[in-house]
Amino acid sequence: MAFQIVNAVILALQVLSVQWVLDAILSVETGGARAVIAPVLILAGLTAASAVVGSVQNSLGRFVGESVSRHMWGEILDVSTRVGLVSYEDPGFFDHLERVRGSALTRPLQVTNGLIGCVGALAAGIGLGAALFGFSPLLLPLLLVGAIPLLFTSRWESRREYAFNVDQTTKTRQRTYMALLLTGRDEAKEVRSYGLPRTLRARYDSLYDTYLRQLAVHLKRRGLLNATGQGLSALALVATLLVLVWLIADGAVTVAQAGAALVAVRMLASQVQAVMGGVQSIFESGLFIDDLQDFLARKPAEDSGSGPTQPLEFDRIVVDAVQFTYPGKEQPALDGVSMKIGRGEIVALVGENGSGKSTLAKLVAGLYEPSTGEIRWDGMPVTPATSSTVRASTAVIFQDFVRYAVDARSNIAFGRPDVEVDQAEVERAAEASGAAAAIDSLPDGYDTTLTRLFDGGQDLSGGQWQRVAIARAFYKDSPLVILDEPSAALDPRAEYDLFASLRETLRGRSALVISHRFSTVRNADRIYVLDQGRVIESGSHDELMRQSGVYAELFRLQASAYLADEAPGEETASGPST
């Protein structure tokens, strides 16, 4: 702001110095050439000062830009990491997030620069206007009239720009996704295996072609509005210059005054354009910032879910008639589900795909909130205010666990990110999960970066990665461990070793296990069978086999695949007769 004011003063002084230079030039014959030196040096000095001020402003502007970007990214990350997990099931949230990503880093800065620019241009305009008014009171109002059409057309342009961006949000996400499929490391093998590059590229090109066509229409309409405003403004400038010519011809102003006035008119016209540009930038960016503010309003209150973060030891977790429906869906994913998990128990969830197993696990872990019903940890209901305590008390291994592109130690220690890394505990968790051997074989052991994205990194096999993810859950040392398909990438021996030692590894902690492999859940204390979001059977393995219901049928189907020479009905109630 200070430099804008300084620059405004310099501009006004430049106009006066131009008149001084012209007066000196016209009086060379009577006053000598020396009379020109001082005015020229002053004008040159003011020009140099203006250039220096502009250079400093550019440097400050760059720093301000980075500062604004950092602040806004912090605001976005606060929202995206604090909103409930269910928000990530809502396409509308992703559309909003996409718009914010595109505007949050530029629009606040544009408002900042627009405000600073307006102040500077107004200050400069006042100085130049005063000088111009001194030459003739007629010139200033004529020139200012040219700002009126720009004010209206710029607002229309801004509204069109905002509407276009909102309309393009989903299409931009689709185009970005196609680009990810064509460039992503994890996608590369399947894209090449199925020969998809040409097909995906065609879709990408089609989406981009559509965007360019719509952009061309948008830019033509915006350009027409801009041309209209600029044309009307130019007419006001022409009228001002014609009046100046008339004043010269009438002898109302001297030649030196006319030259200075001409410079002032041109400079003031530029400042009027700068003010209108700043106003347009503020108005247009303001539309996007309103959208940004709506997104930031999604952030929960500071005290929401910010209860104790120490693990909560429990005797019993009770799920009581819970119903849950995903955003935009009518059919509930869970409908009236009840279950219980006792201290030190291993409880299993089985059922066909889409039966609600993973959804139930996320509810128990405090990641989702039930639509109806209640989940209680020793009588404490899971609510937004207590969800942080529940999450701190739960270690979850998801089917699609994250493969962090950091060192092996951190990959495991992320289980307890808020405490100092305990190397002995890291190694103990790796040993319990079976990941220790793979990590020890790496060039730098636990210091090896687990990715090929960066120099010196090493990747692991799918099964080795799964062991690292399991080690992360064990390292958290929470009273409840949730294993969602924990052995999907493990070989049979590793799977057997994991579950054979699970009770010993848990050391009195409880576990909720989700698996399609019935051999991994048969030793659970209690098994719940889900179908279309409801619990249809529950009990121990032996009890469910005696019932000869869905569980027994599915168990025998799996067993028959391994016992091809025996009929499915020959297994005993306790399992296959091996």
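Table for the structure above
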read-out	value
Dipole magnitude of segment 334-404 about its Cα centre (Cβ charges: Lys, Arg +1; Asp, Glu -1), debye to nearest 20	220
Nonlocal Lys pairs with alpha-carbon distance under 25 Å, the chain (8 or more apart, or different chains)	11
Relative contact order (%) - segment 373-487, alpha-carbon pairs under 8 angstrom, separation at least six	39
Alpha-carbon centroids, segment 188-219 and segment 449-484: separation in whole Å	35
Antiparallel content of DSSP bridges confined to the chain, in %, to 5	55
Net lengthening on full extension, Glu352/Val243 (0.36 nm per residue, minus Cα-Cα)	30.7 nm
Protection proxy ranking, peptides 68-78, 330-340, average beta carbon neighbours within 10 Å, highest first	330-340, 68-78
1.4 Å probe accessible area per residue over the chain, in Å²	52
Calculated FRET value between Arg507 and Glu374, using beta carbons and R₀ = 22 Å, to 0.05	0.15
Normalised convex hull volume, the chain, alpha-carbon set, Å³ per residue	220
Gained length - Arg62 relative to Leu232, 0.36 nm times residue gap less alpha-carbon distance	57.8 nm
Amide N of segment 461-481 lying under 14 Å from the label point, which is placed 7 angstrom from the Cα of Ser388 along Cα→Cβ	none
Backbone HN-Hα couplings from phi across segment 400-415 [Karplus 6.51/-1.76/1.60, Hz, Gly and Pro as x]	9, 4, 8, 9, 5, 7, 9, 5, 4, 4, 5, 4, 8, 5, 4, x
Per-pair calculated FRET efficiency, R0 = 22 Å: Phe133 and Ser55 via Cβ, rounded to 0.05	0.10
Most positive-pole-ward Cα, Tyr551, Tyr162, Val191, against dipole of the chain from beta carbon charges	Tyr162
Segment 407-468: Rg to Rh, with Rh as the Kirkwood radius over Cα pairs	0.94
Area projected by the alpha carbon convex hull of segment 346-480, averaged over all directions, nm²	9.9
Charge dipole (the chain, unit charges on Cβ, about Cα centre) - positive-most of Gly120, Phe324, Ala236	Ala236
Portion, in percent, of the accessible area of segment 355-439 that falls on carbon or sulfur, probe 1.4 Å	50
Inter-probe distance in nm under a simple model that places probes 7 Å from Cα toward Cβ, at Arg452 and Ser540	4.9
Pairwise centroid distance, computed over Cα atoms, of segment 310-386 with segment 63-83, Å	33
Using a Förster distance of 45 Å, the FRET efficiency for Ile5-Ala188 (Cβ separation, nearest 0.05)	0.20
Cα long-axis angle, helix 197-250 against the chain (0 to 90 degrees, to the nearest 10)	20
Lys, Arg +1 and Asp, Glu -1 on Cβ, resulting dipole of the chain about Cα centre, debye, nearest 20	2180
Degrees, to the nearest 10: 91-103 long Cα axis against longest axis of the chain	40
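The values are calculated or read from the model by the stated rules, or taken from the named source; none is laboratory data. Since this is a predicted model, take the numbers as computed values, not measurements. For neighbour counting, all protein chains shown are included, and Cβ atoms are generated from backbone atoms with ideal geometry for every residue, glycine included. For accessibility, only protein heavy atoms count, side chains too; no ligands or nucleic acids. Shrake-Rupley method; radii C 1.70, N 1.55, O 1.52, S 1.80 Å.
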